[in-house]
Amino acid sequence: MTHIKLYIPGPVEVRQEVLDKMATPMIGHRTKAASALQRGISDKLRQLFYTESEILLSTSSGTGLMEGAIRCGTVKRAAVFSVGSFGKRWYELAINNNVPADLFEVPDGQPTDPAEVDRVLATGKYDLVTITHNETSAGLTNDCAAIGEVIKKYPDVLYCVDAVSSAGGVKIEVDKWGIDVCITSSQKALGLPPGLAICTFSQKAVERAKQVKNRGYYLDLLSLYNTIQKKDYQYPSTPTIAHMFALDYQLDCILEEGLENRFARHKEMADYIRAWANEYFEVFPAAEYASNTVTCVKNTRDIDVAAFRKALNAKGLEISDGYGDLKGKTFRIAHMADMTMDDMKELVAAMNEILGF
Ligand SMILES: *Cc1c(COP(=O)(O)O)cnc(C)c1O
């Protein structure tokens, strides 16, 4: 089978060297070698997230840690701010875990307004906020720094951020922005296969989780935290060691590239794809909120998106349709992880040929 190159917002293309690391011979998960591997990964991730918080790894996709965060972090009530499909997922997670929550939505393509967060928190009803940093369905990045400034006025409120499709491609200053739990997945801007989730976990989050009676079992973030403290970075159950070998290697590559260089590369690719989109279509969200990891293109020419994607497949390339309600009305091009400008030029040339531009 010939490989189709992925320009979809996860899973992304994974470099062969990274894939090869997953085939490293196994080690026991209760060994010094496992401790060293997992401790090293956590130290490198603290650099990536600009934080001193503990790092938790979970053998699940990112949704697992979202579930753990809202369940282990809410005593009173969660305020879920949604700007699209992944924002709504937090609400579903809350409801299905018997966590009291309210959903605050805005029309598609609009960001979360920090003033609205302020108004909601001023009611005093909430002790946890969820924000989608990069809404993959809309190609929109929220201003998590400005939202963090508002949340700092409410010291009892835990700030949880879904950075699944941005961490590793966009700068996220967890400590400066006051984020308590910042979550990502392996298969997006970090450039690994799916199967491992990562989050930062602040002291405030630790103290909060202690107040929550039923935290579940597998996704009990306090149990993950306590175990890594007691057992030198080992986990309660067997983790995906194969991913850890690959992640450890990939983090070395990321830090060697340089975080600022990596973020600049993502911006350069995003600017290029946005320029193409604006020439022939429109970028879906307002320019100031357009994402640097995924571009959501408004289908202003009413092209047959399914046929367009099929034609790209025939050329060995894959992009995404719109997500949920936006299917057919938009299409999405990811520019994340280890993609380069050459990859973007290859895609644009193919799209132009198919569309006759
Ligand atoms: C992909 C994605 C998720 C879901 O992550 P999984 O790893 O598939 O569970 C959540 N939020 C955002 C913004 C995403 O892009």
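The values are calculated or read from the model by the stated rules, or taken from the named source; none is laboratory data. From a predicted model like this one, the values you see are computed outputs, not experimental measurements. Cβ: placed from backbone, ideal geometry, glycine included. Neighbour counts: every protein chain shown. Protein only, heavy atoms only, side chains kept; ligands, DNA and RNA dropped before computing areas. Shrake-Rupley method; radii C 1.70, N 1.55, O 1.52, S 1.80 Å.
Say whether the condition of being within 15 Å of the ligand (Cβ to nearest atom) and either assigned to a helix (DSSP H, G or I) or touching a helix residue (DSSP H, G or I) at 6+ places or on another chain (Cβ under 6 Å) (or both) is met by at least one residue in region 75-84.
Going through region 75-84, the residues within 15 Å of the ligand (Cβ to nearest atom) turn out to be 80-84.
After this cut, where a residue has to be either assigned to a helix (DSSP H, G or I) or touching a helix residue (DSSP H, G or I) at 6+ places or on another chain (Cβ under 6 Å) (or both) as well, the list is 80, 82.
Yes, the conditions are met somewhere in region 75-84.
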Inset, instruction - Can you work out which of the residues in region 79-112 that are surrounded by fewer than 22 Cβ atoms within 10 Å (Cβ to Cβ) and hydroxyl-bearing (S, T, Y) is nearest to A69 (Cα to Cα)? - result: Y91
Inset, instruction - Would you check if there is a residue in region 218-227 being more than 20 Å from the chain's Cα centre (by Cα), surrounded by fewer than 14 Cβ atoms within 10 Å (Cβ to Cβ) and farther than 23 Å from V18 by Cα? - result: no
Legend entry - Conditions (1) closer than 26 Å to E260 by Cβ; (2) surrounded by 17 or more Cβ atoms within 10 Å (Cβ to Cβ): number failed by Q47: (2)
Inset, instruction - Could you pull out the residue among A94, A115, A145 that is outside any strand (DSSP E or B) and within 16 Å of the ligand (Cβ to nearest atom)? - result: A94
Legend entry - Residue ID - surrounded by the most Cβ atoms within 10 Å (Cβ to Cβ), chosen from residues in region 125-142 that are within 16 Å of the ligand (Cβ to nearest atom) and part of a loop (DSSP other than H, G, I, E, B): G139
Legend entry - Meets criteria (touching a Phe, Trp or Tyr at 6+ places or on another chain (Cβ under 8 Å) and buried (at least 22 other Cβ atoms within 10 Å of the Cβ)) for V283: no
Inset, instruction - Go through region 165-217 and give me each residue that's open to solvent by less than 10 Å² (accessible area, probe 1.4 Å), within 17 Å of H133 (Cα to Cα) and of a type in the set (G, A, S). - result: S165, S166, A167, G168, G169, S185, S186, A189, A197
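Taking region 1-56 only, how many residues are touching a Gly at 6+ places or on another chain (Cβ under 8 Å) and assigned to a helix (DSSP H, G or I)? Talk me through it step by step, then tell me what you get.
In the first step, residues of region 1-56 are kept if they are touching a Gly at 6+ places or on another chain (Cβ under 8 Å); the result is 2-5, 12-15, 18, 34, 48.
From the residues that got through so far, the ones that are assigned to a helix (DSSP H, G or I) too are 18, 34, 48.
Final tally of qualifying residues: 3.
Could you grab me the full set of residues in region 305-332 that are hydrophobic (A, V, I, L, M, F, W, C), open to solvent by less than 30 Å² (accessible area, probe 1.4 Å) and modelled with pLDDT of 95 or more?
Initially, region 305-332 is screened for residues hydrophobic (A, V, I, L, M, F, W, C), giving 305-308, 311-312, 314, 317, 319, 326, 331.
Checking the rest, the ones that are also open to solvent by less than 30 Å² (accessible area, probe 1.4 Å) come to 305, 308, 312, 317, 319, 326, 331.
Once the filter is applied, which keeps residues that are hydrophobic (A, V, I, L, M, F, W, C), open to solvent by less than 30 Å² (accessible area, probe 1.4 Å) and modelled with pLDDT of 95 or more, region 305-332 yields V305, F308, L312, L317, I319, F331.
Filter region 151-200 down to the residues that are of a type in the set (V, I, T) and either within 12 Å of the ligand (Cβ to nearest atom) or within 22 Å of V18 (Cα to Cα) (or both) and list them by number. Working first, answer last.
Narrowing region 151-200 to residues of a type in the set (V, I, T): 151, 157, 161, 164, 170, 172, 174, 179, 181, 183-184, 198, 200.
Within region 151-200, V161, V164, V170, I183, T184, I198 qualify.
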Inset, instruction - Spot the failing condition for L255; the list is (1) free of Cβ contacts under 8 Å to residues at least 40 places away in the same chain; (2) open to solvent by 40 Å² or more (accessible area, probe 1.4 Å), and only one is missed. - result: (1)
Legend entry - One residue from A36, A115, A122 being modelled with pLDDT of 95 or more, closer than 24 Å to P193 by Cβ and open to solvent by 20 Å² or more (accessible area, probe 1.4 Å): A36
Inset, instruction - For region 336-355, state whether one or more residues are open to solvent by 70 Å² or more (accessible area, probe 1.4 Å) and of a type in the set (S, T, N, Q). - result: no
